Amino acid sequence: MFERQKRLGLLVYLYYNRDAKKLSQYGDKIYHSKKMRYLLLYVNAERAEQTLAEISQLNYVKTVLPSYFTDINQEFVGNLQE
């Protein structure tokens, strides 16, 4: 059957919005902020470090940051008392 793949989000900051289309070959574009000139890209977690290094070497990319969503505690039951 179909196995769910682990994915990691990458925040990619661009110099120009016109270059956002070129990044679709590295992963799935989820969100593109034209005002702030960044996009959220989901890639496979197994190749995340390699993809991050490849994208950061591109001349139209300003900065690449990994998403910290997996580091956040997502157990919300009982957290109101703390």
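Where a number appears in this text, it was derived from the coordinates with a stated rule and is not lab data. Since the model is a prediction, treat every value here as computed from it, not as a measurement. Every residue, glycine as well, gets a Cβ built from its backbone with ideal geometry; the counts of neighbours run over all protein chains shown.
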Are any of the residues in region 55-78 within 27 Å of Glu3 (Cβ to Cβ), touching a helix residue (DSSP H, G or I) at 6+ places or on another chain (Cβ under 7 Å), free of Cβ contacts under 8 Å to residues at least 40 places away in the same chain and among the hydroxyl-bearing types (Ser, Thr, Tyr)? no
If we keep only residues of region 1-24 that are closer than 15 Å to Tyr60 by Cα and among the polar types (S, T, N, Q), then the residue farthest from the chain's Cα centre (by Cα) is Asn17
